[in-house]
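The values are calculated or read from the model by the stated rules, or taken from the named source; none is laboratory data. Quick caveat, the model's predicted, so the values are computed rather than measured. For neighbour counting, all protein chains shown are included, and Cβ atoms are generated from backbone atoms with ideal geometry for every residue, glycine included.
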2 protein chains.
Amino acid sequence: MKGKPLILVTNDDGISAPGIRTLISVMNEIGNVVVVAPDSPQSAMGHAITINSTLQCHKIKIDDGPQIEYSCSGTPADCVKLGINEILKKKPDLCVSGINHGSNSSINVIYSGTMSAAIEASIGGVPAIGFSLLDYSWKADFSGIKNIIKNITLKSLSNGIPEGTALNVNFPKMKEKAIKGIKICNQANAYWIEKFDKRINPQGREYYWLTGEFINNDKSIKSDEWALNNGFVSIVPVKFDLTNHEVIEKIKSWNL
Amino acid sequence: MKGKPLILVTNDDGISAPGIRTLISVMNEIGNVVVVAPDSPQSAMGHAITINSTLQCHKIKIDDGPQIEYSCSGTPADCVKLGINEILKKKPDLCVSGINHGSNSSINVIYSGTMSAAIEASIGGVPAIGFSLLDYSWKADFSGIKNIIKNITLKSLSNGIPEGTALNVNFPKMKEKAIKGIKICNQANAYWIEKFDKRINPQGREYYWLTGEFINNDKSIKSDEWALNNGFVSIVPVKFDLTNHEVIEKIKSWNL
C-alpha cells in the first residue's frame, strides 16, 4: 500500500466505550482512521444484521484526534457493511474491532459482536483483527496493552493476514510487565451451561435472566483458554467457512 | 434411545410461520415434540443472545397435534438455550430448526437465525439439523419436501450426527418429482456485495435500507450452491470451531 494505511475501526460496546477510544488512539499512530461504530451497546449480538428495519448513521465527534467518526444505529456487522460499502471511498487496508470489555475467547467468539464485525470484514475481503480484554468493567485499564496492540497491528499489515481469516486477540487481565508473551492458538472446546434465573414481574408474570457457568474441558496447551490462564495473549485465526470437512465422507455413507 | 425420540423444534421466522408448522407435523410422525420458538420474526439475527434484557416464555397452542409448544420473546439461540436448560426435563435426542422461508446456503449460514439455533444445540451436545427452502414467500409450498425431511431426520437419528456438528439442509424451489437427489456439500465461498438504499425521512434525516447482490465465484461441484442450482438438496455439515487451523504455522512465523 502507498502512504498510511486506511483503517476502519468498530466495536460492539458502543462508540463511546473506553475500549474503542483506546483502540482509536493506537490506530491514529499507524494510519488514517475512520470509525463506524454502534450508537449503543451491542454485546452478544453475534452476526446479526438489520434487514427488516432501517439504519441511521451520522458523523460525530467524541474526542480529540484526527479520526473521522460515524455513529450507527445498527449491529457491529451492519457497521462494517456500511463502512466498507457506503462510507469509505476506497477499500480499507485493515478493519479492527474492540477493544472489547470482556473475553471473546473459545466459544464466546460465536456470540461476540466484536468478532462478528471482524469476520464480516474478512468476508468482504478486508484483513481484520478483533481485540478483547478479559475485564468486563467499564473502567477496565487498557493502557497496558496498547503497545502489544500496536505491535500485532503493524505485523499484521506487514505480513498480511491470510485471506478469509480474521484474528481473534484476547488479553489476560494483568499488568503489562506480567504478560509472558503471545501464543497463536486453537479455539478451546469450551461451552456455557446455562442457568435461567426465573423471576416474577409486578404483574405476576414469569420472566427469565440468562446466566451461565463457563465449562472448559479442553486441557490442550494449544488452546486459547490455556494461553490466557497462563499469562499469555492468545491469537486465534478464525474463518467463515463453517464446513466440517472431516465428516463429509461419513455422512455420504448414510446413502441419503 | 428407548421409545420415541424427544425432539426440540425451533425456527427464526416465528412460531406461527408456515415453515415451522410443516416441520412440527413431520416431527410428530417421528417422536415426542416440544416446540420452543420465537414469538416474532428473528431472521438474520445470527447467533445473537439476550444478556442485557429479560426473556419471557409461555405455553401456547397454535394448531392441533400432540406437540407441546412454548412461545419465547428471545432470539433463536435463546429459544434453544431455554428449551434444553429450562423447559425440557431431559436432554433432547434431536433439535430441528426451520423450515426457513429462504436460503441458508453458503455464507448465509453466518447470518441465519435458523442455523444459529441448530449450532447452539450442537454446542450443547444435542444433534441438530436446520432446514431451509429457497423460497422467501410466506405462502411457500412446503408439502413437496416433507418426505425428504422425514428421511433425513430418520437417517440422522439412526446413524448419529457426528459430535459438534449440525446439518445445514437447503431445498431447491421445485416440485418434489423434479428434485434429483441429495448432495453432501461444502459451504460455497460466496458473499454479498451490499448496496445501501439511502432515503430521507419526513423529518429530513437520512436513513438506509440494506440491500445486496449475491456473488458466487465458487464453481466447485462440491459446493452447496452448485447442488441447489442443479436440482439437488444440499447438506453441509457445519461446526462451531472457527479456528483456521491451516494458517496457524504461518502466523507463528511472524514471531510476534
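Looking only at the range B:1-37, which residues are without any contact (Cβ under 8 Å) to a residue 60 or more places away in the chain, surrounded by fewer than 23 Cβ atoms within 10 Å (Cβ to Cβ), among the small types (G, A, S) and closer than 16 Å to B:S97 by Cβ? Passing the criteria: B:G14, B:S16.
What are the residues in the range B:150-188 that are within 19 Å of B:Y136 (Cα to Cα) and of a type in the set (A, V, I, L, M, F, W, C), if any? Across the range B:150-188, the qualifying residues are B:V169, B:F171, B:M174, B:I179. Filtering B:S137, B:S234 for residues that are within 18 Å of the chain's Cα centre (by Cα), buried (at least 20 other Cβ atoms within 10 Å of the Cβ) and closer than 27 Å to A:A48 by Cα leaves a single hit, B:S234.
Being surrounded by 17 or more Cβ atoms within 10 Å (Cβ to Cβ) and either within 11 Å of chain B (Cβ to nearest Cβ) or assigned to a strand (DSSP E or B) (or both) holds for only one residue in A:S40, A:S53, A:S71, and it is A:S71.
Looking across the range B:171-198 at every residue that is assigned to a strand (DSSP E or B) and of a type in the set (A, V, I, L, M, F, W, C), the one that is farthest from B:V238 (Cα to Cα) is identified as B:F196. In this structure, B:I193 does not satisfy being within 9 Å of chain A (Cβ to nearest Cβ), crowded, with 24+ Cβ neighbours inside 10 Å and out of contact with any Lys or Arg (no Cβ under 7 Å at 6 or more places or on another chain).
Does B:A166 satisfy the condition of being within 23 Å of B:S116 (Cα to Cα), in a loop (DSSP other than H, G, I, E, B), among the hydrophobic types (A, V, I, L, M, F, W, C) and modelled with pLDDT of 95 or more? In short, no.
Note on the range A:129-146: residues that are within 12 Å of chain B (Cβ to nearest Cβ) and either of a type in the set (G, A, S) or assigned to a helix (DSSP H, G or I) (or both) amount to 1.
A:K222: free of Cβ contacts under 8 Å to residues at least 40 places away in the same chain, surrounded by 12 or more Cβ atoms within 10 Å (Cβ to Cβ), more than 7 Å from every other protein chain (Cβ to nearest Cβ) and over 16 Å from B:D78 (Cα atoms), yes or no? So A:K222 passes the test.
Do we have any residue at all in the range B:83-99 that's surrounded by fewer than 24 Cβ atoms within 10 Å (Cβ to Cβ), farther than 22 Å from B:D218 by Cβ and among the β-branched types (V, I, T)? Yes - at least one qualifying residue is present in the range B:83-99. Residues of the range B:81-102 that are in a strand (DSSP E or B) and either of a type in the set (K, R) or more than 14 Å from chain A (Cβ to nearest Cβ) (or both): B:L94, B:C95, B:V96, B:S97, B:G98, B:I99. The requirement of being among the polar types (S, T, N, Q) and at pLDDT 95 or above is satisfied by A:T10. Among the residues of the range B:138-151, is there at least one that is of a type in the set (G, A, S) and on the phi > 0 side of the Ramachandran plot? Taking every residue of the range B:138-151 in turn, none turns out to be of a type in the set (G, A, S) and on the phi > 0 side of the Ramachandran plot. Tell me whether the range B:200-212 contains one or more residues that are more than 7 Å from chain A (Cβ to nearest Cβ), under 25 Å from A:V126 (Cα atoms) and not acidic (D, E). Within the range B:200-212, one or more residues are more than 7 Å from chain A (Cβ to nearest Cβ), under 25 Å from A:V126 (Cα atoms) and not acidic (D, E). The single condition among (1) farther than 16 Å from B:H245 by Cβ; (2) more than 8 Å from chain B (Cβ to nearest Cβ); (3) of a type outside the set (A, V, I, L, M) that A:W254 does not meet is (2).
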